[in-house]
Every structure is written in C-alpha cells, then in structure tokens.
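The block underneath contains the structure these notes are about, expressed in structure tokens.
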Amino acid sequence: MFSEAQSCRPSGRIIGKEAPPGQCNQENDSDCCEQGKVYTTYECSPPVSAQTRAYLTLNSFQKGGDGGGPSECDNQYHSDDTPVVALSTGWFNNKSRCLNKITISANGRSVVAMVVDECDSTMGCDEDHDYQPPCRNNIVDASKAVWEALGVPQDQWGGMEITWSDA
C-alpha cells in the first residue's frame with residue numbers, strides 16, 4: 001500500500017463470514033471472505049490530486065460477473081469491453097463521481113474510463129458484496145477494457161500501481 005493511504009485512518013473492522021457454497025464469484029481471482037478473519041474498513045480515501053496514486057484491480061461489471069449486482073450509479077450492468085471503473089468509498093464520495101470520467105495512467109499509457117460503481121470500503125463479507133472483503137481505501141476496480149487499453153499483458157492482469165485524475 002502507498003504512504004498516502006496512511007493519511008486516511010481505518011474506520012472500523014468486520015469479521016469475515018464464509019460464503020454459502022457457490023455464493024462467492026471468484027472470476028478475475030476475486031478474494032472470498034474467510035470465516036473469522038478480521039477485515040479493516042474505511043470511510044475515506046487518500047486525497048485526490050493531479051496524479052492520485054492508487055492500486056488497479058480487475059472487475060467484471062457484466063451480469064453474472066464478479067462485480068455482483070448492477071452498478072451503483074445507474075443500476076445497469078456494463079460490458080467488459082467498455083472502460084468503466086468502481087472507486088473506493090472515499091473517492092466515490094456519495095456518488096459525486098458517478099458517470100464522470102477519470103484518466104488512468106500506468107505502463108506508459110493512459111485511458112479514460114467512466115465511474116459507474118463503488119468499491120465498498122465500509123462493508124463486505126455478505127450477500128450484497130458477493131461475500132468478498134471490503135475494498136482497501138485506494139482501489140480503482142477496472143473492467144478488462146481498461147487493462148487492455150493500458151497494454152498490460154493478460155497474464156499480468158489483477159493488480160498494479162497506477163495514478164488517476166478526474167478527466
């Protein structure tokens with residue numbers, strides 16, 4: 001994690017519950033909550049700048065994908081071929097970035113993506129969150145289209161350090 005993440009202190013923690021059989025979608029190597037494990041929660045994210053440091057993760061926003069239900073911003077599913085993202089709770093900021101575009105830079109390239117969802121840093125390990133742990137406070141959770149646009153080889157998809165800014 002980045003040093004900026006330390007400027008946002010944890011808000012609490014939750015105790016993991018094991019998912020009922022078949023209830024945690026592990027597409028894109030998503031983590032499932034572990035019974036009894038303690039997960040840190042956050043209501044904030046590091047300050048946004050012209051080059052906000054973050055950690056890019058891979059998510060499917062399609063129906064049946066590991067993103068769970070429809071996107072928070074428009075109650076729709078989105079194709080994995082569309083550059084869309086979910087932001088950690090603090091950056092999502094009560095939907096203030098909904099349907100706005102951000103510029104993501106990494107690997108010597110940049111891509112513009114639309115914010116369609118929240119990567120919840122305050123809750124997790126339940127049916128609403130596909131039995132996945134809460135997001136860290138510095139996550140940009142991106143569709144396959146974002147990873148492709150950044151020119152990242154598919155065998156390296158999953159997690160990488162990036163910078164982002166409002167477009």
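Brief remarks follow.
- The selection criterion, being charged (D, E, K, R), open to solvent by 20 Å² or more (accessible area, probe 1.4 Å) and touching a residue at least 60 places away in the same chain (Cβ under 8 Å), does not hold for Arg109.
Every residue, every condition in (1) closer than 30 Å to Pro21 by Cβ; (2) under 15 Å from the mean Cα position of the chain (by Cα), yes or no:
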position	(1), (2)
Trp91	no, yes
Arg109	no, no
Gly124	yes, yes
His129	yes, yes
Val146	no, yes
Gly158	yes, yes
Glu161	no, yes
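- Complete set of residues in the range 144-159 that are within 15 Å of Ala54 (Cβ to Cβ) and in contact with an Asp or Glu (Cβ under 8 Å, 6 or more places away or on another chain): Gly158
- Every test in (1) surrounded by 13 or more Cβ atoms within 10 Å (Cβ to Cβ); (2) among the hydrophobic types (A, V, I, L, M, F, W, C); (3) modelled with pLDDT under 95; (4) in a loop (DSSP other than H, G, I, E, B) is passed by Ala5 save one, and that test is (4).
- Cβ pairs under 6 Å, 6+ apart, first in the range 85-105 and closer than 16 Å to Ala50 by Cβ, second among the hydroxyl-bearing types (Ser, Thr, Tyr): Trp91/Ser45; Thr103/Ser110; Thr103/Ser165; Ser105/Thr163
Okay, residues lined up against (1) open to solvent by less than 50 Å² (accessible area, probe 1.4 Å); (2) at pLDDT below 95; (3) out of contact with any Phe, Trp or Tyr (no Cβ under 7 Å at 6 or more places or on another chain); (4) farther than 26 Å from Asp155 by Cβ:
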{"residue": "Asn75", "(1), (2), (3), (4)": "no, no, yes, yes"}
{"residue": "Pro83", "(1), (2), (3), (4)": "yes, no, yes, no"}
{"residue": "Ile104", "(1), (2), (3), (4)": "yes, no, no, no"}
{"residue": "Ala113", "(1), (2), (3), (4)": "yes, no, yes, no"}
{"residue": "Pro133", "(1), (2), (3), (4)": "yes, yes, no, no"}
{"residue": "Ile139", "(1), (2), (3), (4)": "yes, no, no, no"}
{"residue": "Ala145", "(1), (2), (3), (4)": "yes, no, yes, no"}
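- Pairs with Cβ under 7 Å, 6+ apart, first in the range 12-25 and farther than 25 Å from Ser45 by Cα, second in a loop (DSSP other than H, G, I, E, B) and of a type in the set (Phe, Trp, Tyr): Ala19/Tyr131; Gln23/Tyr131; Cys24/Tyr131
- Within the range 25-43, the set of residues being among the hydrophobic types (A, V, I, L, M, F, W, C) and modelled with pLDDT under 95 comprises Cys32, Cys33.
- Single residue of the range 115-131 satisfying the filter (acidic (Asp, Glu) and surrounded by fewer than 23 Cβ atoms within 10 Å (Cβ to Cβ)) that is modelled with the highest pLDDT: Asp120
The values are calculated or read from the model by the stated rules, or taken from the named source; none is laboratory data. Remember, predicted model here, so these are calculated numbers, not experimental data. Don't worry about glycine lacking a Cβ; one is built from the backbone with ideal geometry, like all the others, and counts go over all protein chains shown. Keep in mind that these areas ignore ligands, DNA and RNA; they rest on the heavy atoms of the full protein, side chains included. Shrake-Rupley method; radii C 1.70, N 1.55, O 1.52, S 1.80 Å.
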